[in-house]
1. Apply the Karplus curve 6.51 cos²θ - 1.76 cosθ + 1.60, θ = phi - 60°, to the phi angles in segment 43-48 and return the couplings in whole Hz, x for Gly and Pro.
2. Can you run the Rg to Rh ratio on segment 85-151? Use alpha carbon positions and the Kirkwood inverse-distance Rh.
3. Once every DSSP H run of n ≥ 4 in the chain is given -39500 (n - 2.57) and the sum is divided by its residues, what mean residue ellipticity at 222 nm do you get, rounded to the nearest 500 deg cm²/dmol?
4. Heavy atoms only, 1.4 Å probe, whole protein assembly: order HIS28, HIS141 by accessible area, highest first.
5. Leaving out ligands and nucleic acids, and using a 1.4 Å probe, what accessible area per residue does segment 1-133 come to in Å²?
6. Once the dipole of the chain is set up with Lys and Arg at +1 and Asp and Glu at -1 on Cβ about the Cα centre, which of ILE44, GLN116, ASN68 lies farthest towards its positive end?
7. Report the relative contact order of the chain, percent, no decimals, based on alpha-carbon pairs under 8 angstrom and at least 6 residues apart.
8. By how many degrees, between 0 and 90 and to the nearest 10, does the Cα long axis of helix 129-142 differ from the longest principal axis of the chain?
Amino acid sequence: MVLDIVEYPDKRLRKKSQEVKNFDLDLHRLLDDMYETMMQESGIGLAAIQVAEPIRALIINLPDEEGNQDRENLLEMINPVITHKEGEVFYQEGCLSVPTFYEDIKRFEKVNVNFQDRFGNTKTIEADELLAIAIQHEMDHLDGILFIDKLSYARRKKFEKEYKKYQREKKNKQKKSA
Ligand code: Y12
Ligand code: CO
């Protein structure tokens, strides 16, 4: 089932997500619905809070060299914890909860992460390049942090102006089709 994406400035995105304790069918259903939602919306990463579930779960599905998003490469991370971080890199990020806006954001170049899979098994991953960026972006969501929070004051002001325009246009489109 495709779920609704919670969009900025909805306050739910600012909630700190809670540790997952039950690795049950409800969790598996949510992860499957998150995958369907992410694919439908052309995303490569999604945190549970973005579909209004305040639990520490996220999914990432990066495209391969041919640009294909293969479900076999889907990464599901439950209760992730960064155990090592190094380096510095800038990458242009976007977020399904902040449509139409993309900006260069500074992240760690490499991260090591401990997490659990959907069955509660403990795993470790050493990530670099786009995967390291996606993990940091999605893990920020678990603590109510959005990539726009990392913008300079001037850039954030510009973003707020541009985003209001997007919201106005969206509202007008909805009015016309009602
Ligand atoms: C690098 C940087 C950021 C991430 C986090 C995951 N972000 C996304 O998956 C963002 C996807 C996105 C997709 C959109 O839709 C299309 O492009 C068709 C989109 O749409 C609009 O802005 C209209 C916005 C964001 C991982 C790795
Ligand atoms: Co995001």
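The values are calculated or read from the model by the stated rules, or taken from the named source; none is laboratory data. None of the values given here were measured: they were computed from a predicted structure. Here the Cβ positions follow ideal geometry from the backbone for every residue, glycine too, while neighbour counts run over all protein chains shown. Heavy atoms of the whole protein, side chains included, go into the accessibility calculation; ligands, DNA and RNA do not. Shrake-Rupley method; radii C 1.70, N 1.55, O 1.52, S 1.80 Å.
1. Residue by residue, segment 43-48 yields x, 10, x, 7, 9, 4 Hz.
2. Values: Rg = 12.8 Å, Rh = 12.8 Å.
Reported Rg/Rh (Cα atoms, Kirkwood Rh): 1.00.
3. Details: 3 runs with 55 residues, N = 178.
Computed mean residue ellipticity for the chain: -10500 deg cm²/dmol.
4. Details: HIS28 30, HIS141 0 Å².
Result, largest first: HIS28, HIS141.
5. Values: 7540 Å² over 133 residues.
Accessible surface, normalised per residue, equals 57 Å².
6. ILE44
7. On the way: 289 pairs, mean separation 37.8, N = 178.
Relative contact order of the chain: 21 percent.
8. Helix 129-142 sits at roughly 80 degrees to that axis.
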